[in-house]
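Accompanying notes for the structure given below.
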Amino acid sequence: MDINKVQKMVDNDGIIFLSYGGYISQFLISGMTEALEKEAEANDISMAVSNNLFTIFIELAQNMMNYSKTIDNAKNRLKSQGLIIVSKDDENNYFIHSQNIVSLADKEKVEPKLLDIQALNKDEIKKKYRELRKSGKNTHSHGGGIGFYEIAKKCDSITYNFTKIKEDRYYFHIKTTIKIKKER
């Protein structure tokens, strides 16, 4: 592991509230959310920002848990694992990074949704989210997707990239930003 990469992230994005890499389970997500709640309280983060952080964190962690395609060679099966980091900068803007391995098929499902989100403004994202919820399309049982619209409603920006590992596997990195509005 190159700890210098984590240090570079700290230098770029500031303080890390929470960092985890490894096996993801619902029990672990619950525990990390509780730790994040305590950090939010200790740092006097507003309820609105806290709720946005929790929603985004939970959505990204559940995506890793449900869609990670890391191969467990010892047991010859897939395992749910990834990396998730919650941080803030000196201006109290918050960032949530997640990274996990996805299949080519999942990349081809996810990327058009993320491209669509990046092309929409906030009102269009909210409208699309309501349409998807009402229609029942893009739920987890239908291949995911609505969660990315939920995330987009709660943050100011989403950036992502897919890095090819081998023919049918990609690292999927997503970074969300919640900008804190300065009071005048």
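The values are calculated or read from the model by the stated rules, or taken from the named source; none is laboratory data. What you are looking at is a predicted structure, and each value in this text was computed from that prediction instead of being measured. Cβ: placed from backbone, ideal geometry, glycine included. Neighbour counts: every protein chain shown.
Listed values, structure above:
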{"item": "Qualifying positions in segment 1-36 - at pLDDT 75 or above and among the aliphatic types (A, V, I, L, M)", "result": "LEU18, ILE24, LEU28, ILE29, MET32, ALA35, LEU36"}
{"item": "Hits in segment 76-105 (condition: at pLDDT 85 or above and polar (S, T, N, Q))", "result": "SER87, ASN93, SER98, GLN99, ASN100, SER103"}
{"item": "Qualifying residue in segment 39-47 (condition: modelled with pLDDT under 90, part of a helix (DSSP H, G or I) and of a type in the set (D, E, K, R))", "result": "yes"}
{"item": "ASN138 surrounded by 16 or more Cβ atoms within 10 Å (Cβ to Cβ), farther than 29 Å from ILE16 by Cβ and either among the charged types (D, E, K, R) or at pLDDT below 90 (or both)", "result": "yes"}
{"item": "Output for segment 162-184, where each listed residue is exposed (fewer than 12 other Cβ atoms within 10 Å of the Cβ) and not basic (Lys, Arg)", "result": "THR163, GLU167, GLU183"}
{"item": "Pairs where the first residue, in segment 152-168, is farther than 13 Å from GLU111 by Cβ and the second is in a loop (DSSP other than H, G, I, E, B), C-beta under 9 Å, 6+ apart", "result": "ALA152/LEU120; CYS155/LYS179; ASP156/ASN93; ASP156/LYS179; SER157/LYS179; ASP168/LYS69"}
